[in-house]
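A.B. asks: Take a look at this one; I'll ask things after.
The values are calculated or read from the model by the stated rules, or taken from the named source; none is laboratory data. Predicted model, so just to flag it, every value in this text is computed and none were measured. We place every Cβ from the backbone using ideal geometry, glycine too, and count neighbours over all the protein chains shown. Remember, those area values only see protein heavy atoms, side chains included, never the ligands or the DNA or RNA. Shrake-Rupley method; radii C 1.70, N 1.55, O 1.52, S 1.80 Å.
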Amino acid sequence: MTQKQLDFALAIASGKDQASAFREAYNAEGMKPSTIWSEASRLRRHPKVSARIDQLKAEAELSAAEKREGVREFVLHELTAMACEASTPSARLKALELLGKSVGLFSDRVEVSAPERSIEELEAAIRQRIKGLPISQKPCALERR
């Protein structure tokens, strides 16, 4: 892989579009935009360049995941310390609440289950509701049936 190909791959992996990455890696002065796009597209499909881009993106994703995990561990450690050593009951309660939420102890989600109905039952219920609407509010497509 050439240095220019590597520069192109690095630019793509960092989030730049193909044309911008091509202009950054190669001397595209005087080239038509369509030529730049075509050459960038061809370069992006090059097996070695494509593999390097995939590798760089995977490394960046792994690094970001490790960073998130490090921050998560730090926050949990600090919250645990605050819960144990808080100077006020309200600070201790808040730290415990946040710790509990981090492990899914408290859930703000309410699950509602409705009885399953057949398509025919649903259609009949919709038609019944439409019959009760004033004429100006009836949907045209359903009115004609």
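A.B. asks: Can you pull out the helices (runs of 4 or more DSSP H) entirely within region 1-45 that have at least 3 residues that are under 16 Å from Gln55 (Cα atoms) and touching a helix residue (DSSP H, G or I) at 6+ places or on another chain (Cβ under 9 Å)? Outline the logic, then answer.
C.D. replies: Details: elements: 3-13, 18-25, 33-45.
Here the list reads 3-13.
A.B. asks: When you scan region 58-112, how many residues do you find that are farther than 30 Å from Gly15 by Cα and of a type outside the set (S, T, N, Q)?
C.D. replies: The qualifying residues number 31.
A.B. asks: A further question on this structure: Of everything in region 73-101, what is open to solvent by 100 Å² or more (accessible area, probe 1.4 Å) and part of a helix (DSSP H, G or I)? Give them in sequence order.
C.D. replies: At the first step, the residues of region 73-101 found to be open to solvent by 100 Å² or more (accessible area, probe 1.4 Å) are 73-74, 77, 82, 84-85, 87, 89, 92-94.
Those that are open to solvent by 100 Å² or more (accessible area, probe 1.4 Å) and part of a helix (DSSP H, G or I): Glu73, Phe74, His77, Met82, Cys84, Glu85, Pro89, Arg92, Leu93, Lys94.
A.B. asks: Please find, among Gly104, Gly70, the residue that is free of Cβ contacts under 8 Å to residues at least 40 places away in the same chain and not in a helix (DSSP H, G or I).
C.D. replies: Working: Gly70 fails: not in a helix (DSSP H, G or I).
Exactly one of Gly104, Gly70 is free of Cβ contacts under 8 Å to residues at least 40 places away in the same chain and not in a helix (DSSP H, G or I), namely Gly104.
A.B. asks: Before we move on, is Ser113 outside any helix (DSSP H, G or I) and without any contact (Cβ under 8 Å) to a residue 40 or more places away in the chain? Don't jump to the end; show me each part of the working.
C.D. replies: Numbers: outside any helix (DSSP H, G or I): yes; without any contact (Cβ under 8 Å) to a residue 40 or more places away in the chain: yes.
Taking the combined requirement at face value, the residue satisfies it.
A.B. asks: Right, something else. Would you say Val49 is in a helix (DSSP H, G or I) and closer than 30 Å to Leu98 by Cβ? It would help to see each step written out before you state the result.
C.D. replies: On the way: in a helix (DSSP H, G or I): yes; closer than 30 Å to Leu98 by Cβ: no.
No, not satisfied.
A.B. asks: Further, regarding this structure: Give region 102-136 a look and list any residue that's open to solvent by less than 80 Å² (accessible area, probe 1.4 Å), touching a helix residue (DSSP H, G or I) at 6+ places or on another chain (Cβ under 9 Å) and farther than 23 Å from Arg68 by Cβ, or say none.
C.D. replies: Residue satisfying the conditions is Ile130 alone.
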